[in-house]
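Undergrad: Take this structure first; my questions come after.
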Amino acid sequence: MTKFFLGYTYLELQLNEKALDMYNQLKNLGFEKSNYVHAQIAISYHNKRDVLTAISTFNNLRIIDPYRLDNLDTLSNLLFVKDRKVELADLAQHSYNVDKYRVETCCVLGNYYSLRSEHQKSVISFQKALKLDTQYLAAWTLMGHEFMELKNYHAAIHSYRKAIDVNCRDYRAWYGLGQTYEIIKMPYYCLYYYKQAQMLRPKDSRMLVALGETYEKLDKIKEAFKCFSTARSVGDIDGLALLRMAKLYEQLEYDEEAKLAYVEYTKESEISPAPIDLCLAYRFLAHYHLKMCNLELAREFTHMCLRYEETKEEAKTLIKSIEQRKRQYLGGVYEDTSIQGADSYGPPPALLKQLAAYGIAF
């Protein structure tokens, strides 16, 4: 029984690796067929944001016990995150057929309606769940999200606060409150709630990035840099920390630091399926290299900017500036009477050397 208690406690405290280790020990001690143990393992993967493994574990559990509705609300959250509409619709239909009066069924239906952007119906489903169980944490938190989508911020705040009353260790509710106060432009409230969420999830980069962005809005640049740097060190989940650092360097006109950060960001984005604001990195690098007279690199990054609607028009202007700068250098170098060795077959070696110094390939 001690191991069951420890596993449950680790999971409550978001010590997911320790929880996984404990439940795997229980499997080896003869509980390999325990549905509860398998469900707790799936929840551990969910908390670690290992979404695919968590979905796979839940699906295996459904095969073993198809009429088990426990924890299907968590599975519906995972399917929602991965935008699996067909699977979520199937899960909603199955849950409704098994028992339409279970809180898990109402939650699955709420997520299904939310994925279909039917937010009012989603709210009604979560309200039904709360009529069945007023202490049902997931419904309060998810209903807060739906009120956010409906721009009913007062109701969202009420829902998140009720979730915290049920379980003050629910980081999602604290984070939701932070987002709500960020939207209604109350940064000091926002900062407080993000801090609470970050204390509950100290190694979650999303909390650190949110904190950093709030510090940035409050002109606390040192604290913002610290948050973004820590987010990088714990594993930048969404790839936002490096981008925020680069933008801060750019705003402060620390061009060398901004260049290094943007270059690293572009390299990391090569393996990212959906790079965020990559065009802004290319735009800065194009301007930087033009300023430093590295015209070939400036041209390369400018052509990258042409791929994006946000920077296409500016890129066209940049191309003209690069060509104009190139003509100026060519004209200036040819007028230099100190250059020797010119012949009728092309530029002299000394000229080529000077052009190369400007980043111009002839």
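The values are calculated or read from the model by the stated rules, or taken from the named source; none is laboratory data. Small disclaimer: the values here were computed from a predicted structure and weren't measured. Don't worry about glycine lacking a Cβ; one is built from the backbone with ideal geometry, like all the others, and counts go over all protein chains shown.
Undergrad: So which residues in the range 267-279 are part of a helix (DSSP H, G or I) and at pLDDT below 85, if there are any at all?
TA: Those that are part of a helix (DSSP H, G or I) and at pLDDT below 85: Lys267, Glu268, Ser269, Leu278.
Undergrad: Could you please let me know if Asn24 is polar (S, T, N, Q), within 29 Å of Tyr101 (Cα to Cα) and out of contact with any His (no Cβ under 8 Å at 6 or more places or on another chain)?
TA: Considered against the rule, which asks whether it is polar (S, T, N, Q), within 29 Å of Tyr101 (Cα to Cα) and out of contact with any His (no Cβ under 8 Å at 6 or more places or on another chain), Asn24 comes out as no.
Undergrad: Considering each residue of the range 60-111, count those that are of a type outside the set (D, E, K, R) and in a loop (DSSP other than H, G, I, E, B), and give that number.
TA: Counting residues in the range 60-111 that are of a type outside the set (D, E, K, R) and in a loop (DSSP other than H, G, I, E, B) gives 5.
Undergrad: Any idea which residue in the range 305-325 is surrounded by the fewest Cβ atoms within 10 Å (Cβ to Cβ), counting only those that are assigned to a helix (DSSP H, G or I) and in contact with a Cys (Cβ under 8 Å, 6 or more places away or on another chain)?
TA: Checked the range 305-325; the qualifying residue surrounded by the fewest Cβ atoms within 10 Å (Cβ to Cβ) is Lys312.
Undergrad: Sort out which residues of the range 88-115 are under 26 Å from the mean Cα position of the chain (by Cα) and buried (at least 16 other Cβ atoms within 10 Å of the Cβ), and write them in order of number.
TA: Within the range 88-115, Leu88, Cys107, Val108, Leu109, Gly110, Asn111, Tyr112, Tyr113, Ser114, Leu115 meet the criteria.
Undergrad: Does Gly235 fit the bill of being of a type in the set (Gly, Ala, Ser), surrounded by fewer than 24 Cβ atoms within 10 Å (Cβ to Cβ), under 19 Å from the mean Cα position of the chain (by Cα) and assigned by TED's automatic domain parsing to the domain that holds Ala261?
TA: Taking the combined requirement at face value, the residue satisfies it.
Undergrad: Evaluate the following for Met1: is it within 30 Å of Gln196 (Cβ to Cβ) and either surrounded by 15 or more Cβ atoms within 10 Å (Cβ to Cβ) or of a type outside the set (D, E, K, R) (or both)?
TA: Here the answer is no, as Met1 does not meet what is asked.
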